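Peer 1: Pasting in a structure now, in structure tokens, and then I'll have a few things to ask.
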Amino acid sequence: LGGGAGAMAKSEGPDGANLFIYHIPPTWGDGDLAQCFLPFGTVVSATVFRDKQTRLSKGFGFVSYDNSSSAQSAILAMNGLQVEGKRLKVEVKKPRGAGGPAMGLGFNPYGR
């Protein structure tokens with residue numbers, strides 16, 4: 001992992017190696033997330049998203065590996081795992097434009 005959370009904030013792995021993690025405990029930071037997913041392969045980045053004003057965790061983040069087989073191992077082991085009273089949801093991050101809602105752009109396909 002090397003230079004700490006700041007050094008790995010923007011890196012992504014190859015297709016299929018980037019994971020979206022839901023229901024992250026509010027006490028976790030980038031380092032906690034990375035440590036949790038490190039047993040499955042080389043983590044190139046781990047980021048817990050935080051509110052810009054309060055700096056509190058939004059409860060989701062991304063973990064990227066250097067290969068897709070590590071990501072698949074992490075999904076199998078970590079999806080549904082209960083951590084600090086929350087059940088993690090781990091899935092492959094969909095590439096931009098893959099048909100899902102565009103995060104942060106205000107578009108909501110469900111009309112809510």
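Peer 1: Can you pull out every residue in segment 41-66 that is open to solvent by 50 Å² or more (accessible area, probe 1.4 Å) and closer than 16 Å to GLU12 by Cα?
Peer 2: Within segment 41-66, THR42, PHE49, ASP66 meet the criteria.
Peer 1: One residue is enough: does segment 69-76 have a residue meeting the conditions touching a Lys or Arg at 6+ places or on another chain (Cβ under 9 Å) and among the polar types (S, T, N, Q)?
Peer 2: Scanning segment 69-76, I find no residue that is touching a Lys or Arg at 6+ places or on another chain (Cβ under 9 Å) and among the polar types (S, T, N, Q), so the answer is no.
Peer 1: Can I ask one more? Would you point out the residue of segment 57-73, among those that are closer than 12 Å to PRO26 by Cα and at pLDDT 95 or above, that is farthest from the chain's Cα centre (by Cα)?
Peer 2: Taking the candidates together, the pick is LYS58.
Peer 1: Among the residues of segment 67-89, which ones are part of a helix (DSSP H, G or I), open to solvent by 20 Å² or more (accessible area, probe 1.4 Å) and either free of Cβ contacts under 8 Å to residues at least 12 places away in the same chain or within 15 Å of ALA17 (Cβ to Cβ) (or both)?
Peer 2: Correct list: SER68, SER69, GLN72, SER73, ILE75, LEU76.
Peer 1: For the structure I just gave you, tell me whether THR54 is modelled with pLDDT under 95 and either among the hydroxyl-bearing types (Ser, Thr, Tyr) or at positive phi (or both).
Peer 2: yes
Peer 1: Let me ask you something else. List, please: which pairs have Cβ atoms under 7 Å, are six or more places apart or on different chains, and start with a residue in segment 27-42 that is of a type in the set (S, T, N, Q) and end with one that is modelled with pLDDT under 95?
Peer 2: Within 7 Å, the pairs are THR27/GLU84.
Peer 1: Moving on. Is at least one residue of segment 18-36 over 11 Å from the mean Cα position of the chain (by Cα), modelled with pLDDT of 95 or more, in a loop (DSSP other than H, G, I, E, B) and more than 21 Å from LYS86 (Cα to Cα)?
Peer 2: no
The values are calculated or read from the model by the stated rules, or taken from the named source; none is laboratory data. Source: prediction; values computed, not measured. Ideal geometry is used to build each Cβ from the backbone, glycine not excepted, and the neighbour counts take in all protein chains shown. Accessible surface areas use protein heavy atoms only, side chains included; no ligands, DNA or RNA. Shrake-Rupley method; radii C 1.70, N 1.55, O 1.52, S 1.80 Å.
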